[in-house]
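Engineer: Before we start, here is the structure in question, set down as structure tokens.
The values are calculated or read from the model by the stated rules, or taken from the named source; none is laboratory data. Everything quoted here is computed from the prediction, not taken from an experiment. A quick note on method: Cβ atoms are made from the backbone with ideal geometry, for glycine too, and the neighbour counts reach across all protein chains shown. Only protein heavy atoms, including side chains, enter the accessible area calculation; ligands, DNA and RNA are left aside. Shrake-Rupley method; radii C 1.70, N 1.55, O 1.52, S 1.80 Å.
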Amino acid sequence: QVQLVESGGGLVQAGGSLRLSCAASGYINRVNPMGWYRQARGNERELVATITSSSNTNYADSVKGRFTISRDNAKKMVYLQMNSLKPEDTAVYYCNVNHFGTIYWGKGTQVTVSS
């Protein structure tokens, strides 16, 4: 069984920064791709960033140059450093892991950016 727990969300002013963390437990290891997604109220869940086992990364165009995804395989952690935050970044942010074809999700952490 795989469990994911996100933390680090909160309220921040536009232009500020936050660092999200996702702690994974269970039968995952360094080969599993992981990612961050977000869902704003009234919108569908969308990709923010993904990272492979070899730390190859992929970002949504809307966050390129502002957000950085990273992982610590020994600690089973994945992070999302978010800089230059904008009000449109306001959403619930979810961590996920692709465990050999099965996708697991955390419960999410709220990020609110005030203008």
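Engineer: What pairs come up if the first residue lies in the range 52-75 and is at pLDDT below 95, the second is open to solvent by 70 Å² or more (accessible area, probe 1.4 Å) and part of a loop (DSSP other than H, G, I, E, B), and their beta carbons are under 7 Å apart, counting only those six or more places apart or on different chains?
Structural biologist: Ser53/Arg30; Ser53/Val31; Asn73/Arg30
Engineer: How many residues are under 21 Å from Ala24 (Cα atoms) and assigned to a loop (DSSP other than H, G, I, E, B) when one looks only at the range 67-86?
Structural biologist: Number of matching residues: 4.
Engineer: Which residue, of Ala24, Ala49, Ala40, is surrounded by 12 or more Cβ atoms within 10 Å (Cβ to Cβ), within 17 Å of Val97 (Cβ to Cβ), modelled with pLDDT of 95 or more and among the aliphatic types (A, V, I, L, M)?
Structural biologist: Residue meeting the stated conditions: Ala49.
Engineer: Give the residue that is farthest from Cys22 (Cα to Cα), with candidates limited to residues of the range 87-115 that are open to solvent by less than 20 Å² (accessible area, probe 1.4 Å) and either in a helix (DSSP H, G or I) or aromatic (Phe, Trp, Tyr) (or both).
Structural biologist: Asp89
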